[in-house]
Amino acid sequence: MSAAGNLFEQQRANRRRSAVLVAVFVAFFAWVGFGGDLAYYLFTLDVEDGAYRHTVPWMGLVTTAIGIVMAWIAWQRGPKQVLWATGAWQLLDPNTLEEKQLVNVVEEMAIASGLPKPKVWVVPDRDPNAFATGIKERDAHVAVTEGLMKSLSRDELQAVVAHEMAHIRNHDMKLMTLLAALVGVIALMSDGALRMMRFGTFGGRRGGGSRGGGGGGKKGGGAGALAVIVLVLWLVTLILAPLISRLLALGVSRKREFLADATAAQFTRNPGALADALRKIEDAAAPTKAIKRGTAHLCIADPLGRRLTGKEGFLATAFATHPPMAVRIARLKAMAYEYEKTGVIPEEV
Amino acid sequence: MGTWIFLIIIIAIVFWAISAYNTLIRMKGETQNAWKQIDVQLKRRHDLIPNLVEAVKGAMEFEKETLESVIQARNQAVKIQADASPTGGVQALASAEAALGAALSRLNVVVERYPDLKATTNVGQLQEELTSTENRVAFARQLYNDTATTYNVKQQQFPWNLIAGFARAEQVELWEITDEAERAVPKVDLSMKPKDE
């Protein structure tokens, strides 16, 4: 199928991005530690004998170890963390007709996509929304809010589940789950490091560099300037890291919403139902309280109820987790029209 | 020098042939897998029907004909399913299942006329099961047709067609819908919402 080339490309790209993400994450932790060590080392280079000279980069070793452990935990426990954070409960034994319907719809979409059946979770929230999480295809999770089950028709619910299954098949959810877990850690880390700075770990030593520079001649002065540069760079990284990682999360998620919409249409052969579902979700866009900022990019529609998804334009685009709803709906409507006319779901509109 | 180039070309061809062979075998496996999925879903559909008939029988004494036709179509489909495989009998099975689908939607129209019957949760649950089963069959069919088409096209394309014989690749039958009406509305809607027809 023509869609296959696109799919494999997307899967490969996502695998690569996931690996890069983990590498950058560990590198960031290493830089936070070793950068601090380097600045400390340069400042204490010329101190008198007997005073403390920072030669063993223990900060770097510790933070790198922490980074690796954190990445490993995100890999292992990321999906559980995400689900836990939303207060979702697993739907194991469907009792009501609605629950039965949800389980059935998920099984139907597993057949259509040729994927193993994911686990089904329900988020106790009245606002309609849904997300998928997981690292492996065999261990994937689809979660929908109670509001979604209540307000959508069967076909619309199916379309939303298809969209989530599309994220699973395109390997989006692995990247997005890792992002959700790691972005949170980076924010914490940068917060903590900046607070430590304020306690004055370096404050007392700053004089040491210039004093040494005066006595040691040319070489010492170079070390002092270098130390300041390293320190400034180090601070800038710490301050900007949360913002950059958030923008990264947003940029990564926006693009794949369109692709997931298109793949969902391939699964259901009913693009109109997804358009209707998105309209209903958009109309009900009170904030989904159960879903926090860190997991926003996982959801089918921005759960924070930010009106940015209603706008177009550069800034709105850069800070929204999702493309404007109107554009998504228009694309799906175009697909539905094309399908009605030709009997073939177009790959891209 | 010439012999070296010749040798390298031979090796390249051998490697290509091996990978092409493996591709065809993999696609054959995928097609058979997709077929098995249809089989599972059809069996589910066939197993569900006696339950459904049992549940509505009491209240629908004078709709015997409708029930009879459902049971007959079901038994016919079960018989045909037994010896259908991707390389033969797909179309016969497809039309038997289409007949069963038509009989089921007639039954559903009749059930809609009995509000009391619909009100019992048992029937409501069964209708949801039936809707889901119809969808499962449709989606399994969709996956099978997509997989089978890719397989069919691949083994005919040059140069894969040179390897097709070695890999024992055969053209497989697609699950084609014979009924024009069903083609227009790909999904059988058996949901509990009233239809505006």
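The values are calculated or read from the model by the stated rules, or taken from the named source; none is laboratory data. For clarity, every value in this text was computed on a predicted model and none was experimentally measured. Positions of Cβ are backbone-derived with ideal geometry, glycine not excepted, and every protein chain shown enters the neighbour counts. The area values use the complete protein model at the heavy-atom level, side chains included, leaving out ligands, DNA and RNA. Shrake-Rupley method; radii C 1.70, N 1.55, O 1.52, S 1.80 Å.
Looking for whichever is surrounded by 18 or more Cβ atoms within 10 Å (Cβ to Cβ) and either out of contact with any helix residue (DSSP H, G or I) (no Cβ under 8 Å at 6 or more places or on another chain) or at pLDDT below 70 (or both) here; the options are A:Arg205, A:Arg307. Which one fits? Walk me through how you get there before you give the answer.
On the way: A:Arg307 fails: surrounded by 18 or more Cβ atoms within 10 Å (Cβ to Cβ).
Matching residue, one of A:Arg205, A:Arg307: A:Arg205.
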Checklist entry - Given the structure, is A:Thr86 surrounded by 22 or more Cβ atoms within 10 Å (Cβ to Cβ), of a type in the set (S, T, N, Q) and touching a Ser or Thr at 6+ places or on another chain (Cβ under 7 Å)? => result yes
Next on the checklist: If a residue must be touching a Lys or Arg at 6+ places or on another chain (Cβ under 6 Å) and within 18 Å of A:Gly114 (Cβ to Cβ), how many such residues does segment B:146-170 contain?
Outcome noted: 0
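Give segment B:8-32 a look and list any residue that's within 14 Å of another protein chain (Cβ to nearest Cβ) and either more than 18 Å from B:Arg141 (Cα to Cα) or touching a residue at least 60 places away in the same chain (Cβ under 8 Å) (or both), or say none. Walk me through it before giving the result.
Of segment B:8-32, the ones within 14 Å of another protein chain (Cβ to nearest Cβ) are B:23, B:26-27, B:29-32.
B:Thr23, B:Arg26, B:Met27, B:Glu30, B:Thr31, listed by residue number.
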Checklist entry - Which members of segment A:142-168 meet the condition of being more than 14 Å from chain B (Cβ to nearest Cβ), of a type outside the set (S, T, N, Q) and over 24 Å from A:Asn14 (Cβ atoms)? => result A:Glu146, A:Gly147, A:Leu148, A:Lys150
Checklist entry - Right, B:Thr31: within 17 Å of the chain's Cα centre (by Cα) and of a type in the set (Val, Ile, Thr) or not? => result yes
Item to check | Leading residue by the ranking (most open to solvent (accessible area, probe 1.4 Å)) among those in segment B:107-129 that are at pLDDT 75 or above and not in a helix (DSSP H, G or I) | outcome: B:Arg113
Next on the checklist: Give me the residue from segment B:123-144 that is facing another protein chain (nearest Cβ under 8 Å) and among the small types (Gly, Ala, Ser) and, out of that set, nearest to B:Glu176 (Cα to Cα).
Outcome noted: B:Ala140
Checklist entry - In segment A:94-112, how many residues are facing chain B (nearest Cβ under 9 Å) and more than 29 Å from B:Tyr144 (Cα to Cα)? => result 1
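Is segment B:92-106 home to any residue that is outside any helix (DSSP H, G or I) and either without any contact (Cβ under 8 Å) to a residue 60 or more places away in the chain or open to solvent by less than 10 Å² (accessible area, probe 1.4 Å) (or both)?
Keep residues of segment B:92-106 that are outside any helix (DSSP H, G or I), which gives none.
No.
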Next on the checklist: If a residue must be open to solvent by less than 90 Å² (accessible area, probe 1.4 Å) and at pLDDT 85 or above, how many such residues does segment A:68-78 contain?
Outcome noted: 1
Checklist entry - Exactly one of (1) more than 14 Å from chain A (Cβ to nearest Cβ); (2) open to solvent by 80 Å² or more (accessible area, probe 1.4 Å); (3) closer than 24 Å to B:Glu97 by Cβ is unmet by B:Val40. Its number? => result (1)
Next on the checklist: List pairs: first residue in segment B:156-171 and polar (S, T, N, Q), second residue part of a helix (DSSP H, G or I) and open to solvent by less than 70 Å² (accessible area, probe 1.4 Å) anywhere in the structure, Cβ distance under 7 angstrom, at least six positions apart or on different chains.
Outcome noted: B:Asn161/B:Gln155; B:Gln171/B:Asn152
Next on the checklist: From the list A:Leu91, A:Leu42, exactly one residue is aliphatic (A, V, I, L, M), out of contact with any Phe, Trp or Tyr (no Cβ under 8 Å at 6 or more places or on another chain), open to solvent by less than 70 Å² (accessible area, probe 1.4 Å) and more than 14 Å from chain B (Cβ to nearest Cβ). Which is it?
Outcome noted: A:Leu42
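Tell me, please, whether a residue that is out of contact with any His (no Cβ under 6 Å at 6 or more places or on another chain), β-branched (Val, Ile, Thr) and open to solvent by 80 Å² or more (accessible area, probe 1.4 Å) can be found in segment A:48-65. Spell out how you get there, then give the answer.
We begin by selecting, within segment A:48-65, every residue out of contact with any His (no Cβ under 6 Å at 6 or more places or on another chain); these are A:48-65.
Now drop any that are not β-branched (Val, Ile, Thr), which leaves A:55-56, A:62-64.
Applying the additional criterion that residues be open to solvent by 80 Å² or more (accessible area, probe 1.4 Å) yields A:55-56.
Yes, segment A:48-65 contains a residue that is out of contact with any His (no Cβ under 6 Å at 6 or more places or on another chain), β-branched (Val, Ile, Thr) and open to solvent by 80 Å² or more (accessible area, probe 1.4 Å).
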Checklist entry - Out of all the residues in segment B:61-91, which are assigned to a helix (DSSP H, G or I) and crowded, with 18+ Cβ neighbours inside 10 Å? => result B:Thr66, B:Leu67, B:Val70, B:Ala73, B:Arg74, B:Ala77, B:Gln81, B:Val90
